[in-house]
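Engineer: Handing you this structure, nothing more for now.
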């Protein structure tokens with residue numbers, strides 16, 4: 001798929017510009033945002049009842065059933081939210097390509113990827129024009145992101161508001177905040193938190209001081225062991241199809257070399273603890289939540305995704321990861337509420353996507369056979385036929401379940417695009433594991449209330465993205481060659497996520513309502529007394545408000 005075009009030229013802070021120029025550009029960006037987005041942002045009112053800090057937590061690959069499944073063993077932050085928050089266990093990322101980048105683009109924008117322009121991980125945040133400070137990964141920026149987010153709405157109402165977003169992943173840190181050059185940091189392969197030149201020329205002193213502790217390197221030669229006695233885990237610990245058949249049994253050692261331990265650190269539960277420690281340092285250094293206006297802290301925790309991919313959602317490893325995440329969040333909340341008044345903080349928690357079980361695990365549980373769909377032979381045959389007729393190689397493309405036929409290029413080779421698409425569609429439908437193939441122009445004719453596949457594809461595709469067909473796997477089927485456990489389809493296990501709100505302005509209770517991640521941002525906007533500056537796809541969850 002071709003990159004989504006940059007929606008508008010942006011004032012880009014660049015390392016070659018003087019700092020004073022960078023500051024001026026950021027001011028101009030704020031003014032442009034006010035001019036372009038809307039003039040409807042209302043100033044925050046009723047300051048005595050307005051939160052001074054919004055904490056937005058995204059747990060990468062968190063399934064909602066983990067909470068009731070492990071409820072009796074939770075003692076920390078997840079327990080606090082599950083027991084005292086407004087808990088929606090029927091929350092959904094209601095779009096089709098359930099990957100990290102599209103999911104994070106929806107969290108604080110209140111809009112589906114069709115509006116944010118973030119369609120896949122591959123066309124997410126990578127940007128060679130914004131290199132990482134100090135290296136340790138590709139350049140990254142939000143240049144593909146379209147529109148505004150909660151932080152924009154708050155900043156337009158109260159310009160003194162501040163925001164920080166942190167994650168192990170660049171896309172997990174960048175996309176919740178959107179295009180504003182706020183304080184945004186992610187983990188480099190050499191064990192540091194850093195950012196790109198889109199945001200800073202050099203790292204602030206407090207970030208350098210945190211990195212100087214070299215915490216990941218201290219784990220060299222240690223191991224990830226079970227938090228509780230082994231008898232407290234009902235899952236098997238020696239499942240041969242987990243983690244590619246390597247290192248499937250506890251304990252899971254860190255590399256012996258400090259440098260290697262730092263590089264491998266992101267695959268271990270302690271990565272979440274490190275991210276939360278860094279976030280707390282940022283709260284103190286930046287004075288987030290100290291009032292009188294509303295600040296934003298966005299934290300995306302990525303280890304559940306790393307462990308889920310390697311071992312699957314039914315593994316002993318994911319069980320232990322959730323228990324450790326619960327304890328880490330408990331420490332985080334205890335520390336945060338000592339720094340800031342808990343009565344002036346609202347917390348939201350969700351996930352960027354869910355995950356389906358490994359096909360071998362599903363087959364074992366259902367006494368069936370694992371299903372892997374392979375359409376590559378169909379793609380190869382189609383491509384060979386087009387080449388034989390002299391068609392440009394880019395005239396027909398299949399990228400992440402999306403099929404594009406360039407009608408102009410095909411016409412030059414005297415090939416009818418519709419005939420080509422019909423033939424390809426018919427062949428793909430016969431491949432085991434394929435649930436359906438849809439023509440994009442026909443999706444809107446479906447009953448999108450009951451047809452979740454059609455609805456989620458509509459929510460996925462920007463109007464200017466040239467896609468002709470979309471392919472959907474059967475539930476529990478994987479693409480051929482997939483890693484042990486993964487996600488990315490419109491099916492419910494990939495789309496279903498927790499939605500939790502917590503704070504003095506929230507009405508506690510567990511609810512069966514079907515809600516969507518895009519409902520969180522408008523609900524938070526209502527709580528902090530600001531108005532979104534554009535039309536949203538989500539709605540205010542009034543049933544969760546006191």
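Engineer: The conditions are (1) farther than 30 Å from residue 144 by Cβ; (2) under 26 Å from the mean Cα position of the chain (by Cα); (3) surrounded by fewer than 19 Cβ atoms within 10 Å (Cβ to Cβ), and residue 419 fails exactly one of them. Which is it?
Structural biologist: (2)
Engineer: Let me ask you something else. Would you confirm, using the coordinates I've provided, whether residue 121 is modelled with pLDDT of 95 or more and surrounded by fewer than 20 Cβ atoms within 10 Å (Cβ to Cβ)? Before you say what the answer is, go through the steps one by one.
Structural biologist: Values: modelled with pLDDT of 95 or more: yes; surrounded by fewer than 20 Cβ atoms within 10 Å (Cβ to Cβ): yes.
So residue 121 fits the description; yes.
Engineer: Mind listing just one residue for me: the one in region 180-238 that is surrounded by fewer than 17 Cβ atoms within 10 Å (Cβ to Cβ) and out of contact with any helix residue (DSSP H, G or I) (no Cβ under 9 Å at 6 or more places or on another chain) and, of those, farthest from residue 262 (Cα to Cα)?
Structural biologist: 231
Engineer: Next question, about the same structure. Could you list, in sequence order, all residues of region 263-277 that are in a helix (DSSP H, G or I) and touching a residue at least 12 places away in the same chain (Cβ under 8 Å)?
Structural biologist: Within region 263-277, 263, 265, 266, 267, 270, 271, 272, 273, 274, 275, 276, 277 meet the criteria.
Engineer: Across region 278-318, what is the number of residues that are assigned to a helix (DSSP H, G or I) and under 20 Å from the mean Cα position of the chain (by Cα)?
Structural biologist: Step one: list which residues in region 278-318 are assigned to a helix (DSSP H, G or I), which gives 278-286, 303-311, 316-318.
Next cut, under 20 Å from the mean Cα position of the chain (by Cα) only: 278-279, 303-311, 318.
Qualifying residue count for the region: 12.
Engineer: As an exercise: evaluate residue 354 against (1) surrounded by 19 or more Cβ atoms within 10 Å (Cβ to Cβ); (2) part of a loop (DSSP other than H, G, I, E, B); (3) more than 33 Å from the chain's Cα centre (by Cα) and give the number of the one condition it does not meet.
Structural biologist: Only one criterion in (1) surrounded by 19 or more Cβ atoms within 10 Å (Cβ to Cβ); (2) part of a loop (DSSP other than H, G, I, E, B); (3) more than 33 Å from the chain's Cα centre (by Cα) is unmet by residue 354, namely (3).
Engineer: Which of the following residues is surrounded by fewer than 21 Cβ atoms within 10 Å (Cβ to Cβ), within 19 Å of the chain's Cα centre (by Cα) and touching a residue at least 24 places away in the same chain (Cβ under 8 Å): 465, 461, 501, 493?
Structural biologist: Answer to the check: 493.
Engineer: Output yes when any residue across region 386-394 is surrounded by fewer than 19 Cβ atoms within 10 Å (Cβ to Cβ) and within 19 Å of residue 464 (Cβ to Cβ), and no when none is.
Structural biologist: Yes, region 386-394 contains a residue that is surrounded by fewer than 19 Cβ atoms within 10 Å (Cβ to Cβ) and within 19 Å of residue 464 (Cβ to Cβ).
The values are calculated or read from the model by the stated rules, or taken from the named source; none is laboratory data. Keep in mind that this is a model prediction, so the values were computed, not measured. As a convention, Cβ positions derive from the backbone with ideal geometry for all residues, glycine included, and neighbour counts pool all protein chains shown.
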